[in-house]
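What follows is a single structure, written as structure tokens, with notes after it.
The values are calculated or read from the model by the stated rules, or taken from the named source; none is laboratory data. Being a predicted model, the structure only gives us computed values, none of them experimental. Cβ atoms come from the backbone with ideal geometry, glycine included; neighbour counts cover every protein chain shown. In case anyone asks, the SASA skips ligands and DNA or RNA and just uses the protein heavy atoms, side chains included. Shrake-Rupley method; radii C 1.70, N 1.55, O 1.52, S 1.80 Å.
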Amino acid sequence: MDDPVLTARELVRDRFPAARAAFLAGSVLTDRRTATSDLDIVVLLDGTPCRENLVYRGWPVELFVQTEATWHGFADEETAKRSSPLLAMCADGMLLVDADGLGAALQDEARERLAAGPPPLSDRERDYERFILTDLLDDLRGCADPAERVYLVAHMLQRASELVLLVGGHWLGKGKWLSRRLAAADPGMQRALSEAAAQAIDGDTKGFAAVVTEVLDLAGGPLWDGYAVR
């Protein structure tokens, strides 16, 4: 396939000649690039926002087309959820087009907002996460069904990884990005959780239960008896 940067520039020029700004983001710009990597492109214009998937010159492309107003709206919504792919794409991505300075301004803002971190975890939120993970841990200890164990471990791996990030004031992520966020924040814990989870799926759950308990201790310890929501 053609060079990803040149291809992205051509696509923006062909599809969005009036674009105010455009960013290319994702694994294609890093050493994590694989044969299935796509072009993640954020486009800013004055027209109608949309999201579209397509194939362009052999490249799978995800388009995130926004106005300046909707960009800020999405950034605010994602920040409230403590996971902002949009801010990450614009902060770390390559600025392809910047017709009037908007691109540079949004990139600066994205970098500042990411560096500031997500909203802090409230006591109520932390206790809820402790309760859920404690309950799942009890389920795992009593689980005798191999199929159910797979689902439990997968769910616990996600919740435990998120709790480490939340307690540490780090941004969350989904799928592979959850692993990457945790590896950047706490590589030892990311390695311990992923390795122990694989063993747990195969039937040896003791190590995974121990690592999950370590995660709970980071948040204040297990919580079940006496937990209440009022």
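Computed values, structure above
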quantity: Unmet criterion (only one of (1) crowded, with 20+ Cβ neighbours inside 10 Å; (2) within 24 Å of Arg181 (Cβ to Cβ); (3) of a type in the set (A, V, I, L, M); (4) in contact (Cβ under 8 Å) with a residue 40 or more places away in the chain) for Leu95; calculated: (1)
quantity: Test: residue in region 171-192 that is more than 29 Å from Arg33 (Cβ to Cβ), modelled with pLDDT of 95 or more and open to solvent by 40 Å² or more (accessible area, probe 1.4 Å); calculated: no
quantity: Region 73-92 - residue that is open to solvent by less than 50 Å² (accessible area, probe 1.4 Å) and more than 19 Å from Gly169 (Cα to Cα) and, of those, nearest to the chain's Cα centre (by Cα); calculated: Met89
quantity: Options Thr30, Thr70: the member that is more than 20 Å from Lys176 (Cβ to Cβ), of a type in the set (Val, Ile, Thr) and free of Cβ contacts under 8 Å to residues at least 24 places away in the same chain; calculated: Thr70
quantity: Candidate set: region 1-50, residues that are open to solvent by 40 Å² or more (accessible area, probe 1.4 Å) and part of a helix (DSSP H, G or I); chosen: the one modelled with the lowest pLDDT; calculated: Leu29
quantity: Test: residue in region 196-215 that is modelled with pLDDT of 95 or more, assigned to a loop (DSSP other than H, G, I, E, B), out of contact with any strand residue (DSSP E or B) (no Cβ under 8 Å at 6 or more places or on another chain) and crowded, with 20+ Cβ neighbours inside 10 Å; calculated: yes
quantity: Check on Ala160, farther than 17 Å from Arg130 by Cα and part of a helix (DSSP H, G or I); calculated: no
quantity: Gly168 surrounded by fewer than 18 Cβ atoms within 10 Å (Cβ to Cβ) and not basic (Lys, Arg); calculated: yes
quantity: Test: residue in region 103-112 that is at pLDDT 95 or above, surrounded by fewer than 19 Cβ atoms within 10 Å (Cβ to Cβ), farther than 28 Å from Val167 by Cβ and touching a strand residue (DSSP E or B) at 6+ places or on another chain (Cβ under 6 Å); calculated: yes
